[in-house]
C-alpha cells in the first residue's frame, strides 16, 4: 500500500563570490527512483562553468562537480518531484545478519559521525530488550524525540552521534545520526537520507532523516517527528552526512543565504 | 550512630629499578582523621633517598615526595588503621547551592576525568526527577551497578566518565568517576576517595569509591557494590584520580608487582 | 626590576533578568596582592540580595556568592588597580621536580581543559629539545602565535587544549589553555590567569593569559601576544577556566551585554 | 617499470569455538588484480557451514560470509600470490580536485578512524608548504616514522587518527590511518590497504599500509617503513579499518591464536 502521492516544487538558488578558481561538489538534484520521480527539472549556472554530473551507480545520488572562475557564481535548481512512498510496514522484521543482501552489509559499520561501536553498550541497555522489527526502530525514534532537544545552533560540523547522546541537543541531522547509530549497534543496517522537505516549522528547508533496512527494504524515519516520510523529496542517501553533503567547497568563498523554496502542489 | 569499628593491617611493598635519578610522588599513607585513625605506621625506604612528606592542609592527604638515585628502590609501608565511620544518613538532604560551605563549592566543577558539564543533560534525564537526597545518590549507584560491567582491562589512564558512560565497562575508579560526574551534574558536590580495601573478590587491593556532600558531611558510596564504606581505609580524597594518584613517577622506571596485603583484624 | 607601574580604572556593569530565585558565583573582584594593588573599589547590587564574598586562602581569588530573587538584577563593580609587576626574568630556570614547592606541585596535573597527559608526546616532539627556562616557554608562546588563529566564535565552553591543538583556532582562553598544557607536559607548573585588560584590539575586555612557575615565581605570559603582562589586572588564577569562571549561574537567566569599561589612567 | 615480482605462500589457520549459531564476515582472500595475481588458492571450512563469497564490484575485496552452528569452527585459507607492483612513480603529480575520477572523489572524505576534517589545520601547518606530489606523501611518511612510536598494545579498536596524532604511538594500522588522514586533509584521495606481509620483524603477519591517489593511480606507502610495497599481498582496500576488517563476528566466540604463515618463495 502506498501513501497518497505528493508533489513538490523545489526552487533552490545559490550565490557565491569566488576569490579565485574554485572546485565544488554539490548534491542538490532530487533522487529519481522507485518511490519518488523527478517529473521535470532544470539547472542554470551563471556564468558558465566547467561541470559534469556523476550519478552514483548504486544509490543514484547525483554529484554536480563544478569548477568556476573568480567572481560571482549563481546556481539555480528547479524540480517538480512526485513522491509516492509505500506506507511504512509496521510489522516488518529485522533481518538476521546472514540474510542481509551483500550490498547492504556495510551499512552496519560505524562512520565518521555514527560511532555505533562506541555506543553499542548504551544502545543495548536502552533497546536491547525491545521486540525486534519496525516497532523497535519506532521506539528509538520516540526516545530521540523525548530525550533530545531540537535546538538550532547547538551543534556544528564536528558533532557526532556520541556528542548528541551526551549533550541531548541537536538539529535534524544530529537526530538522524544518532538514529542511524542506534540501529547499527542493534545490527540493523541504517543510513542517512537528506532532501527537500515541506513541514510547518521551521520553514521548508533541507532536512535529514534516516533509513533502516527492515523487511527487505529501506524504511524512512524522521526522529525529529517534524515531518512524515512522504513530506521529503530525497536528494541523497549515504553512510552519514559526509557522504551526502549538500555542498563541498574546495577553497575560500563568500556564500549568500541558502534557503530553498519548497512548495507542495496538487 | 557509627557502624561497628573495623581495624585493618596494611602492608604495602613497592619495588622499582631506576635507570637514573628519578622523582616520585606517592600517596600511600592512610588518612588520619575523624572517621579513621592511624594507630601505628612505619615507612621504610631502601636505600635511603631524599624525601619529605607534605600533608595537604585542607584534606590531610599525605604526599611522599622522593628523589632516588639509579639502582633498585624498595618502599615498605605498614599501618594499622581503625575505621570508625558513621553509618550512612539515609535521610540526608542535598544542599541548595547557597548553603554549600565555601570550601566545598569547587567540588561542583568538572575535572579531567569527570566531565559533568558534558554529561549534564544525560544525567538530568536519568536522575533529574528523583527525590533529592541520599536516596538519589543511591539510585545513581544502583544504575551504575546495573548498567556498567566491572571488567579488568576495559579502561586505561585516559578513560573518562564520558567514555564509561558510553562503553558501559570499567574498573572501580571508572565507576567512581561516573558517580562523581552524575553528582556534580545534579549540583551535589562530589569527590573521589581511594584507599586500602578488604573485600572478598578481587583480592584486597587499592580501591576507589566516591564521596557526595549530603546533609552537611561527606558520605562515602561504592558504586561497584563490592565493598561497604567501612571496608576501606582511605588514603586520599580529591577532585578525581589525578589528584589522588597512588604514584606519579617522573622518568622511566621498571616496576615490580604492586599488591598490598590488607588484613582485617580484631 | 619592575616594569613601570600602570593604573587601571575598571567599571563593570552586569544585568540579568531572573525567572526565579537564582544562585550565582562571580569572580569579578581584582586580585589584591604583591604585584597588583586594589587602591579602591566598590560593588553595588540592585536590588539587595543574599551575598557574601569568599576569599581563597591560597591564591586570593574572591568569589562573590549571591542568591537573588526573581526579577531584574544589576551588579556594578568599580575598581582602581595599580599593577606593578616585575619584569619577566628572561634567564629564569625551570625547577627540577624535587625542588618544586609542595603547594605548586599539583599544577603539573592535567585538568578538564588541559589534558597534558594526552598531549605529552606531541609536546615533547615540539619543545623537548629546547633549552629549559624562560626561553622555552617563550618558544611555545611563539609557536601558539604562529600556528593558532585568533578567531572569535571558533570555540565554545567545551573546547579543550586537545581540540585547539588539532583545530588551530581559538580565543584567548584557548591559547592560554594550550600554553598551560604544553608547560605541564614539560613538567613546568602552569595555571590560567584571567583579568581585566587594556590593549588596542579587540576592545578592553576580560582576557586570559597563563602563568608558568619559573625561577621561584609565577611568570605571566600572553600567547596571543595581544597584551603585555603589565596590561592586565588579574582577577583570578586557577587550574583552568573552570576554576576562574567570571560567572557560574545555577539556573536559567536572561543576561544583558557584558562589556567592561577598562581605562588606563595616569 | 615494475619492481621485481615476488611470490608469497600464505597459509592462514583460524579456529573458533562457538556457543551458538554465529555469523561471520571475513576478509582473508588475497586481492586478484592488475598488480597482484592469485595463482592458486584453497579454502577449507570444517565442519561445513552456510557460506558465500561476495566480491565488491568496485575494488575486488572478497567478503566471506559465513554462518556456523555451535561448536568448533576451523578455517584454513592457502594461497600463492604473485605480486608485480609497478615501482613507485617518484615524480607523480597530485591531481586538482576537478581532475579526480568520479569514483575516487569520496576518498577525500573523513571516516570513522580518519578525521581529516578535524586534523585539517594541523596537517596544513605541517605539510601545506611542501611541493605537491609523491615527495609530499613521502615527507608525511617520514614524519610519521620519526614522530610516532611503533608500540604493540598502545592502541585499540577505538583509536583514531586524532588519537595517534596526540599520543604519538600506535601499530601499523594507526600509522596508516594517520597517513590517510594527512593525505585527505591535503586533498589527496587516500585509502587503507591491508594484506599479508613478509618482513623481518615482527614476524610475517597481517599488515596495514595506505594508498594515495597520485599521477592517475593508487600508490602504496608504508609509513612504518617496516616493509616495501612489494612485500605485501593485499587482501583489501577501503576507507579505513572498518571497511577492511579481517574478521567481523556477530556474537560471542572463543578465538584461538591467529598468526598467518607467510613465506616468500622463488
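What follows draws every value from the coordinates through simple rules; no lab data is involved. The structure presented is a predicted model; accordingly, all values stated were derived computationally and were not measured. Here the Cβ is made from the backbone with ideal geometry for all residues, glycine too, and neighbour counts use every protein chain on show.
I need the fraction of alpha carbon pairs in chain B separated by more than 30 Å, rounded to a whole percent. Spell out each step's value before the answer.
Numbers: 10182 of 35245 pairs.
Value for chain B (Cα pairs over 30 Å): 29 percent.
How would you rank B:221, C:63, C:210, going from fewest to most other Cβ atoms within 10 Å of each one's own Cβ?
C:63, B:221, C:210
Computed FRET efficiency, Cβ-Cβ of residue C:157 and residue C:91, R0 30 Å: what is it to the nearest 0.05? Don't skip to the end; give the middle numbers.
Numbers: r = 38 Å, r/R0 = 1.27.
Efficiency, from the Cβ-Cβ distance: 0.20.
Averaged over all directions, how much area does the convex hull of the C-alpha atoms of the stretch C:43-119 cover when projected, in nm²? If you can, show how the numbers build up before the last one.
Numbers: hull surface 37.5 nm².
Hull-based average projected area comes out at 9.4 nm².
Listing C:109, A:232 from the residue with the fewest other Cβ atoms within 10 Å to the one with the most, what is the order?
Details: C:109 21, A:232 28.
Listed from fewest to most nearby Cβ atoms, that is C:109, A:232.
Reported to two decimal places, what Rg/Rh ratio describes the stretch C:97-238 when computed on Cα atoms with Rh from the Kirkwood expression?
Details: Rg = 14.0 Å, Rh = 14.9 Å.
Here Rg/Rh amounts to 0.94.
Counting only C-alpha contacts under 8 Å and six or more residues apart, can you give the relative contact order of chain A as a whole percent? Could you put the intermediate results ahead of the total?
Working: 615 pairs, mean separation 74.4, N = 266.
Computed over chain A, the figure is 28 percent.
Taking the number of other C-beta atoms within 10 Å as the exposure measure, put C:242, A:74 in order starting with the fewest. It would help to have the intermediate numbers written out before the result.
Working: C:242 20, A:74 13.
Ranked by crowding around the Cβ, least crowded first: A:74, C:242.
Can you give the Kirkwood hydrodynamic radius of the stretch A:1-141 from its Cα pairs, in Å with one decimal? Intermediate results must be reported in sequence, preceding the final value.
Details: mean 1/r = 0.0526 Å⁻¹.
One decimal place: 19.0 Å for the Kirkwood radius.
Relative to the longest principal axis of chain B, what angle (0 to 90°, nearest 10) does the C-alpha long axis of helix B:134-147 take?
Long axis of B:134-147 versus the principal axis of chain B: about 70 degrees.
Take every residue in peptide C:113-125, count the Cβ atoms of other chains within 10 Å of its Cβ, and give the average of those counts.
4
How many angstrom lie between the C-alpha centres of the stretch B:14-64 and the stretch C:193-266?
Using only Cα atoms, the two centres lie 37 Å from each other.
Please report the equivalent ellipsoid semi-axes of the stretch B:184-244, computed as sqrt(5 x eigenvalue) of the Cα gyration tensor, largest first, in whole Å. Before the final figure, lay out the partial values.
On the way: eigenvalues 85, 31, 19 Å².
Result for the stretch B:184-244: semi-axes of 21, 12, 10 Å.
For the stretch A:92-175, what log10 I(q)/I(0) values come out of the Debye formula at q = 0.22, 0.23 1/Å, with one point per alpha carbon and no solvent?
Values, matching the q order: -1.22, -1.27.
Using only Cα atoms, tell me the angle between helix C:172-185 and the longest principal axis of chain C; keep it within 0 to 90° and round to the nearest 10.
The helix C:172-185 is inclined about 40 degrees to chain C.
Could you calculate the FRET efficiency of residue B:98 with residue C:76 from 1/(1 + (r/R0)^6), where r is the beta carbon distance between them and R0 is 22 Å, rounded to 0.05? Please report the intermediate quantities before stating the final value.
On the way: r = 22 Å, r/R0 = 0.99.
It comes to 0.50.
Can you pull the Kirkwood radius for the stretch B:164-266, inverse mean 1/r over Cα pairs, to one decimal in Å?
Working: mean 1/r = 0.0684 Å⁻¹.
14.6 Å is the Kirkwood radius here.
Can you list, shortest first in nanometers, how far residue C:58 lies from the same residue in the other copies, with each label 7 Å from Cα toward Cβ?
Taking the point 7 Å beyond Cα along Cα→Cβ, the inter-copy spacings are 0.6, 5.5, 5.5 nm.
Show me the three semi-axes of the equivalent ellipsoid for the protein assembly as shown, from the C-alpha gyration tensor (sqrt of 5 times each eigenvalue), largest first, rounded to whole Å.
Values: eigenvalues 475, 277, 206 Å².
Working from the Cα gyration tensor, I get semi-axes of 49, 37, 32 Å.
From the label point of residue A:17, set 7 Å along Cα to the beta carbon, how far off in nm is each other copy's matching point, shortest first?
So the label point of residue A:17 gives 3.6, 7.0, 7.2 nm to the other copies.
Give the nm distances, rounded to one decimal, from residue C:33 to the matching residue in every other copy, measuring between label points 7 Å along Cα toward the beta carbon; shortest first.
When each copy's label point is compared with this one, the spacings are 2.6, 6.2, 6.3 nm.
Mind checking the mean number of beta-carbon atoms from other chains within 10 Å of the Cβ atoms in C:158-166?
On the way: counts 7, 0, 2, 0, 4, 3, 1, 5, 12.
That works out to 4 on average.
Fully extended, how many nm does the chain gain between residue D:42 and residue D:17 (0.36 nm per residue separation, minus their Cα-Cα distance)?
On the way: separation 25, 0.36 × 25 = 9.00 nm, distance 2.22 nm.
Value of the extension gain: 6.8 nm.
Please tell me the relative contact order of the stretch D:97-238 in percent, rounded to the nearest whole number, where contacts are Cα pairs under 8 Å and at least six residues apart.
Values: 247 pairs, mean separation 34.8, N = 142.
Reported as a whole number, the value is 25 percent.
Please work out which residue of chain D brings its Cβ closest to the axis of the rotation superposing D onto B, and round that distance to whole Å.
That would be D:156, 4, residue then distance in Å.
Going 7 Å from the Cα of residue D:261 along its beta-carbon direction, which residues of the stretch D:78-93 have the amide nitrogen within less than 16 Å of the resulting point?
D:78-81, by backbone N distance to the label point.
When each pair of different Cα atoms in the stretch B:1-67 is counted once in the 1/r mean, what is the Kirkwood radius in angstroms, to one decimal?
Working: mean 1/r = 0.0703 Å⁻¹.
About 14.2 Å for the stretch B:1-67.
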